[in-house]
1. Would you please name the trypsin sites (Lys or Arg not before Pro) within the range 171-219 that are DSSP coil residues with at most 13 other C-beta atoms within 10 Å of their C-beta?
2. Given +1 on the Cβ of Lys and Arg, -1 on the Cβ of Asp and Glu, and no further charges, what dipole in debye does the range 68-184 carry about its Cα centre, rounded to the nearest 20?
3. Any idea how far the Cα center of the range 26-58 sits from the one of the range 135-166, in Å?
4. Expressed as a whole percent, how much of the Cα-Cα distance distribution for the range 33-115 exceeds 14 Å?
5. Separation between the VAL91 and THR11 pseudo-spin-labels, each 7 Å from Cα along Cα→Cβ, expressed in nm?
6. Would you mind telling me the share, in percent, of accessible area of the chain contributed by carbon and sulfur at probe 1.4 angstrom?
7. How many percent of the alpha carbon pairs in the range 80-233 exceed a separation of 25 Å?
8. For LYS250 and ILE33 in one chain, what is 0.36 nm times their gap in residues minus the Cα-Cα distance, to one decimal in nm?
Amino acid sequence: MKNFLTLQDLTKEEIIDLLNLADQLKFERKNGIPHPILKGKTLGLIFQKSSTRTRVSFEVGMYELGGYPLFLSSRDLQIGRGEPIEDTGRVLGRYLDGIMIRTFDQKEVEDLAKWSGKPVINALTDYSHPCQVLADLMTIREHKGAFDGLKVCYIGDGNNMANSIIVGSLKVGMKVSVACPKGYYPAQKVLDFAKDYPGMFELTEDPKVAALDADVFFTDVWTSMGEEAETEKRKQVFAGKYQINEEIMKLAHKDAMVQHCLPAHRGEEITADVFEAHANEIFDEAENRLHAQKAVMVTLMKD
Ligand code: CP
Ligand code: NVA
């Protein structure tokens, strides 16, 4: 594994290896066992969009691994004034041991990997959010014990989260049913990928179909970062139907869990009641960003 750009790039075994390492690093942290595996290494963190979890978990994670994280906001970098990614990549590649980037276009992440020559980690694009879904898989395995036989239900916008949930869940052996309104489906590339998993994937416009016998619920905001101008239009399309609520959860298995990458909009994609009833699972998920990303950094950057 040279980079962490999309979950499509990884084999099932590579994903499981990352999850096992994340579990080990979590155990060590909880038991006060230091793990300075990346002592002396540097990781640049380029942010072209806002972040709470990603920024803090990468900074803390790199520190706990003995390395040094550099927060690089695009507001300050010359990228923000139009310096091309191929020049930024060639410069940063000479200073840093690895680069994490949160941006808009997936191609920018691929280009950064190409031009920097150093390991690059995708920390969210419009297309995918693989770090988040790695943490989600870790959380599902922690709570459910195994992946085999589980059904994942995603209700909402066919966005970066939907794309990565579909790919990650299918790769580790879970069934996936996704409910999105017409015109807001997941990326065609991901729907094509799912064709290789016959009988394991379903796309519907009816959340009740997707929720049937589910073991794990996912949702995400109706309007993602960069789409703010569409907020009102999207509310009209999604409201009253594309929401995780008590009624929809009655169709699932009794012990179904709920995941939300956060930030959450209570009363929109999820009710406050369901959110609070499953807060333990949702904040375990947020915590696991730290452990899962440490596993990614170690795998990509250790000598
Ligand atoms: N889930 C997630 O990526 O959160 P942030 O946007 O706060 O980093
Ligand atoms: N789909 C959301 C995820 C935020 C973590 C967005 O891209 O804004």
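The values are calculated or read from the model by the stated rules, or taken from the named source; none is laboratory data. Quick caveat: nothing in here was measured; it's all calculated off a predicted structure. Here Cβ is always computed from backbone atoms with ideal geometry, including for glycine, and neighbour counts include all displayed protein chains. In case anyone asks, the SASA skips ligands and DNA or RNA and just uses the protein heavy atoms, side chains included. Shrake-Rupley method; radii C 1.70, N 1.55, O 1.52, S 1.80 Å.
1. Of the trypsin sites (Lys or Arg not before Pro), the ones in loops of the range 171-219 whose Cβ has at most 13 other Cβ atoms within 10 Å are LYS182, LYS195.
2. In total the dipole reaches around 320 debye.
3. Result: 23 Å between the Cα centres.
4. The proportion of pairs with Cα distances above 14 Å equals 63 percent.
5. Computed distance between label sites VAL91 and THR11 equals 3.9 nm.
6. Carbon plus sulfur share of accessible area: 51 percent.
7. 38
8. Length gained between LYS250 and ILE33: 73.9 nm.
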